[in-house]
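Student: What follows is a single structure, and I will ask about it in a moment.
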Amino acid sequence: MIPVVSLAPQPHRGDMSQQIKFEDAAPATTGTIAVFGATGRQGGAVVDALLDHKATVRALVRDPRSDRARALAARGVELAAIRTDDPASLAAALTAVEAFYFMTPEASNLEEVETEIRIGTALVDAAVEARVPHVVFNSVFGADRERGVPHHDSKHWIEEYLRKSGLRATMVRPTPFMEEMAPSLEHGEIVLRLPLPEDVPLKMISVRDVGRVAAALLLDTAETPGEAVELVGDELTGPQIAAAFGARAGLPARYEALPLSVLPSELDRAMFRQFAKAGEHPSDLGAVRAIEPATLDLTGWIRSTGWATPAGPGHK
Ligand SMILES: NC(=O)c1ccc[n+]([C@@H]2O[C@H](COP(=O)([O-])OP(=O)(O)OC[C@H]3O[C@@H](n4cnc5c(N)ncnc54)[C@H](OP(=O)(O)O)[C@@H]3O)[C@@H](O)[C@H]2O)c1
């Protein structure tokens, strides 16, 4: 049954913090967990995992009437309308929450990197104002050790800002998503192309597991030594990734390393340069499994998502 929506301003909250309450939302087993980015991929996976644990979830959304926000609400998620340039709306939305997860939106140019930093800063300030007991920040792998990728440096900057805030903070640092792997079918062969040399292992994680690990940390069912965890579910070279898809399809597979120049944005070129260097840093595949034992490797992800052989060229 779709819950009945009553849209009404809550007491002691600013204009932008209208809450949509649902009369038959699932009973809470923990305090409220706030999620920024809940209508997106990673935040959505965090919500999925929290709801699996019957947690009470409040999503901070720009537009509570969007289809994605309504879909969350239909699953019992409380919606708090926010604007990242309205500090009062953010602090109000974080009132009385037990923990807060936030990611920062994708940046494909330097202006968007500035926006990313502005949003991250505003969310940390609001968490301070609302005295949130625990904040989990969705950073990026390498944010602690590499510089020169603008949309990764921004996350390092936000990590530092969060550390200086005095809040209890945990960083999750996802590697590239398995969902980004998009092999094609060409002349009866699975072909994967990436702008990465063929002998370099690429670290990766499924979006589902980003959500599961973050949820475990938010619910305090797990801790991370050193207050940060690199989210890596598998580490494979291009030919090994292609072979995993080929094995599923029952077809031969081939990898083609592309030059960096195929990437239109300098930010992405810098990122793939970093991916090529990241092979120098050994992954701790056990760290993430100590938090979420069922973390998928690529073969497990291919199987669990029901990945199907793509249609070949000319296929209708
Ligand atoms: N792709 C990868 O392999 C990878 C790997 C590691 C890390 N990352 C990082 O992950 C992040 C992207 O995560 P994602 O893929 O989960 O994002 P996504 O699916 O694009 O979702 C973005 C979320 O942010 C919200 N949002 C965007 N701009 C906003 C604004 N100005 N004010 C308020 N809310 C805003 C969106 O809400 P609306 O519904 O309102 O639009 C949506 O919920 C990036 O920082 C990226 O660098 C990506």
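The values are calculated or read from the model by the stated rules, or taken from the named source; none is laboratory data. What you see is a predicted model; the values in this text were computed from it and never measured. A quick note on method: Cβ atoms are made from the backbone with ideal geometry, for glycine too, and the neighbour counts reach across all protein chains shown. Side chains are part of the model used for accessible areas, which takes the heavy atoms of the whole protein and leaves out ligands, DNA and RNA. Shrake-Rupley method; radii C 1.70, N 1.55, O 1.52, S 1.80 Å.
Student: For the ranges 39-52, 64-77, 90-103, what's the packing order if you count other beta-carbon atoms within 10 Å of each residue, average per peptide, and put the highest first?
Tutor: Descending packing order for the listed peptides: 90-103, 39-52, 64-77.
Student: Quick one: 3J(HN,Hα) in Hz for the range 199-216, Karplus 6.51/-1.76/1.60 with θ = phi - 60°, rounded, Gly and Pro as x.
Tutor: Whole-Hz 3J(HN,Hα) from phi for the range 199-216: 9, 9, x, 9, 7, 8, 8, 8, 4, 3, 6, 4, x, 5, 5, 4, 5, 4.
Student: Right, another one. Ratio of Rg to Rh for the range 146-288, alpha carbon only, Kirkwood?
Tutor: 1.02
Student: Per the 1.4 Å probe, what fraction of the accessible area of the range 165-214, in percent, lies on carbon and sulfur atoms?
Tutor: After summing per-atom areas, the C and S share lands at 50 percent.
Student: At R193 and E106, where each label point lies 7 Å from the Cα along Cα→Cβ, what is the point-to-point distance in nanometres?
Tutor: The answer from the label model is 1.9 nm.
Student: Quick one: length gained pulling A182 to K54 fully straight, 0.36 nm per residue minus the C-alpha distance?
Tutor: 42.7 nm
Student: With every atom except the alpha carbons ignored, what do you get for Rg and Dmax of the chain, in angstroms?
Tutor: 20.4, 64
Student: Send over the per residue convex hull volume for the range 134-185, Cα only, as a whole number of Å³.
Tutor: That works out to 81 Å³ per residue.
Student: Stretch L285-D125 to full length: gain in nm at 0.36 nm per residue minus the Cα-Cα span?
Tutor: 54.3 nm
Student: Using every Cα-Cα pair within the range 103-209, state what percent have a distance larger than 17 Å.
Tutor: The proportion of pairs with Cα distances above 17 Å equals 62 percent.
Student: Also, I was wondering about something else. What is the spin-label model distance, in nm, from L258 to R147 if the labels are put 7 Å beyond Cα along the C-beta direction?
Tutor: So the two model labels end up 3.1 nm from each other.
Student: Just grab the label-to-label distance for R62 and A88, each label 7 Å out from Cα along the Cβ direction, in nm (one decimal).
Tutor: The answer from the label model is 2.2 nm.
Student: Given charges of +1 on the Cβ of Lys and Arg and -1 on the Cβ of Asp and Glu, with all other atoms neutral, how large is the dipole of the chain about its Cα centre, in debye to the nearest 20?
Tutor: Details: 32 positive and 43 negative charges, 121 e Å.
For this selection, approximately 580 debye.
Student: With springs only between Cα atoms under 10 Å, which of L258, L267, L231 fluctuates most in a Gaussian network model of the chain?
Tutor: The residue that fluctuates most here is L258.
Student: Residue-wise, which Karplus ³J(HN,Hα) couplings in Hz belong to the range 261-267, taking 6.51 cos²θ - 1.76 cosθ + 1.60, θ = phi - 60°, and x for glycine or proline?
Tutor: 5, 6, 7, x, 10, 5, 4
Student: Divide the volume of the convex hull of the Cα atoms of the range 277-316 by its number of residues and quote the answer in cubic angstrom per residue.
Tutor: Convex hull volume per residue, Cα atoms: 112 Å³.
Student: Another question, if that's okay. Given H placed 1.01 Å from N in the peptide plane, which residues other than close sequence neighbours of V35 have an amide H under 5 Å from its amide H?
Tutor: For V35, whose amide H was placed from the backbone, the distant partners under 5 Å are R58, A59, L60, Y101.
Student: Still on this structure, please answer the following. Report D for the range 239-302 in µm² per second (integer): Stokes-Einstein, Kirkwood Rh on Cα pairs, 20 °C, 1.002 mPa s.
Tutor: It comes out at roughly 148 µm²/s.
Student: Percent relative contact order of the range 117-190, based on C-alpha pairs within less than 8 angstrom and at least six residues apart? Walk me through the numbers on the way to the answer.
Tutor: On the way: 72 pairs, mean separation 28.2, N = 74.
Computed value for the range 117-190: 38 percent relative contact order.
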